[in-house]
1. Do you know which residues across the range 99-127 are on the phi > 0 side of the Ramachandran plot and among the acidic types (D, E)?
2. Tell me, yes or no, whether the range 194-210 has at least one residue that is modelled with pLDDT under 95, under 24 Å from T311 (Cα atoms), surrounded by fewer than 20 Cβ atoms within 10 Å (Cβ to Cβ) and in contact with a helix residue (DSSP H, G or I) (Cβ under 8 Å, 6 or more places away or on another chain).
3. Within the range 427-449, can you find the residues that are outside any strand (DSSP E or B), buried (at least 16 other Cβ atoms within 10 Å of the Cβ) and in contact (Cβ under 8 Å) with a residue 24 or more places away in the chain?
4. Considering only residues that are within 26 Å of L49 (Cα to Cα) and either assigned to a helix (DSSP H, G or I) or in contact with a helix residue (DSSP H, G or I) (Cβ under 7 Å, 6 or more places away or on another chain) (or both), which ones fall in the range 450-473?
5. When you go through (1) charged (D, E, K, R); (2) closer than 22 Å to W79 by Cα; (3) outside any strand (DSSP E or B) one by one for D159, which number turns out not to apply?
6. Take F54 and tell me if it is of a type in the set (F, W, Y), surrounded by 18 or more Cβ atoms within 10 Å (Cβ to Cβ) and out of contact with any helix residue (DSSP H, G or I) (no Cβ under 6 Å at 6 or more places or on another chain).
7. Could you tell me whether the range 180-193 includes any residue that is under 24 Å from D90 (Cα atoms) and crowded, with 21+ Cβ neighbours inside 10 Å?
8. Any residue that is at positive phi and not basic (K, R) - is there at least one of those in the range 75-87?
Amino acid sequence: MTKITMEHIVNLAKNRGFVYPGSEIYGGLANTWDYGPYWSIMKDNIRKLWLKEFVQKRTDMVQLDAGILMNSQVWVASWHVGGFSDPLIDDKNTKERFRADKLLEDLIESMEDKWESLKDRYWVQNLIPESWSLEKQTEVMRREGVKNPNTWESWDWTDAKKFNLMFQTKQGVTDDSGATVYLRPETAQGIFVNFANILRTSRRKIPFGVAQVWKAFRNEITPGNFIFRTREFEQMEIEYFVEPGKDLEAHSEWKEACWKFLTDTLAIKADSLRMRDHDSDELSHYSNATTDIEFRYPFGWWELWGIADRTDFDLKAHMSESKQDLSYFDPVNNKKYIPYVIEPSVWLTRLFLTTLVDAYKVEWEWEEKRIYLKLDPKVAPIKVWILPIVKKLWLQAKEIFTMLSDDIVCEYDEVWSVGKRYARFDEIGTPFCITIDSENFDAGKVTVRHRDDASQEIIAISDLSNWIQEKLR
């Protein structure tokens, strides 16, 4: 059995038009990526499935598209200006910068069954470095001789310090006259500051939620693992407002809904997923409960989807800073309160990587390797590939393309041998290839090849559209 590595995933993504290095013809820009023709379609498929499941099919959800640039006081109120940071530590010898907590996580993982000894040596309550103080992170880094991951040598480390992750820019004619604004590090705050507007115009009653899909930006210290952690990414977030006291029940329900979306809608294997509840000393300052759905990537188990009970922290903070009333009046119980909120948040770009890793398959047939993406047909970027056996049948093949392309995302290809074309389409994850040959076409039929097992069957052209659409449901 072939062990899947990130190198396999990266090579396929680059070679098959999913992801390109950013600004490549100019030497690139570190950790920037452009998403090619097939990722663009696949991204839209995942986004539409998410919106269908969590907005379209529910009576208690609405959608928002808030601006990227917001009044800087938004980020003051939400603690992003003062508290949205990662622990940065420098190698004094090479001047390189790293996230101290991530280096410590790698250390703990490398210690295998000996990691519990760290608790006694350093008087820490858990083995989650992110929750340790900066002083404790620095102490462990130095005393354990943590190595620079690029040089594999131990050097003197600076004291760990906080590094704010927000990108700053100026709004105005000149730098000196402009006001400081930030590229948003998350989409959630746009929902909170519009809470009163949404409540008034949508006439929703609590419990209800607001969904948003769009870009966010974080000046990560150590982005990496391909597109797993990037400085520019797309988020799919929900803020679900509930009555205080009913938040933990709603949190549990959203955990189940997110898990079901991954396994049922996107068809990601359940044994590659796990839920991890945050310990009390790991919780964010605003959280009553947080659960991560983690996925087993080639580089280990990492967070895919976070479901947080944010209590009433955000609405209270914005009420205090803006002096505006963001409370809710319950007409049924005749009482006024500040709602609690449940936040299921997933990066669309990370979800794409997850589906790619989960779908990557390698099979050996008579000592020949076959690679394909076993994507759910709803997720696959191209549903049907149409190819004539020989180029002179292009007119017949284009006729099939015209017939199907109104309702189904198709692509036409006449270059290379049929075998090479099949191999390409398999790696893009196309569930069906329609092959046109003279004998079958004259009889009103075509050959349909199935991606997963490479089997073929003859289908009447008159039945073709309905047959494919039934398979895509």
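The values are calculated or read from the model by the stated rules, or taken from the named source; none is laboratory data. Here the structure is a predicted model, which is why all the values come from computation and not from measurement. Cβ atoms come from the backbone with ideal geometry, glycine included; neighbour counts cover every protein chain shown.
1. Let us first name the residues in the range 99-127 that are on the phi > 0 side of the Ramachandran plot, namely 112, 123.
Answer for the range 99-127, where residues must be on the phi > 0 side of the Ramachandran plot and among the acidic types (D, E): just E112.
2. yes
3. Let us first name the residues in the range 427-449 that are outside any strand (DSSP E or B), namely 427-431, 437-444.
Narrowing further to those that are buried (at least 16 other Cβ atoms within 10 Å of the Cβ): 427-431, 437, 440-441.
E427, I428, G429, T430, P431, D437, F441, listed by residue number.
4. Result: R451, L464, S465, N466, W467, I468, Q469, E470, K471.
5. (2)
6. Working: of a type in the set (F, W, Y): yes; surrounded by 18 or more Cβ atoms within 10 Å (Cβ to Cβ): yes; out of contact with any helix residue (DSSP H, G or I) (no Cβ under 6 Å at 6 or more places or on another chain): yes.
Spelling it out, F54 is indeed of a type in the set (F, W, Y), surrounded by 18 or more Cβ atoms within 10 Å (Cβ to Cβ) and out of contact with any helix residue (DSSP H, G or I) (no Cβ under 6 Å at 6 or more places or on another chain).
7. Checking the range 180-193: not a single residue is under 24 Å from D90 (Cα atoms) and crowded, with 21+ Cβ neighbours inside 10 Å.
8. As a first pass, look at the range 75-87 and keep what is at positive phi: 79.
Filter once more, keeping what is not basic (K, R): 79.
Yes, that holds for at least one residue.
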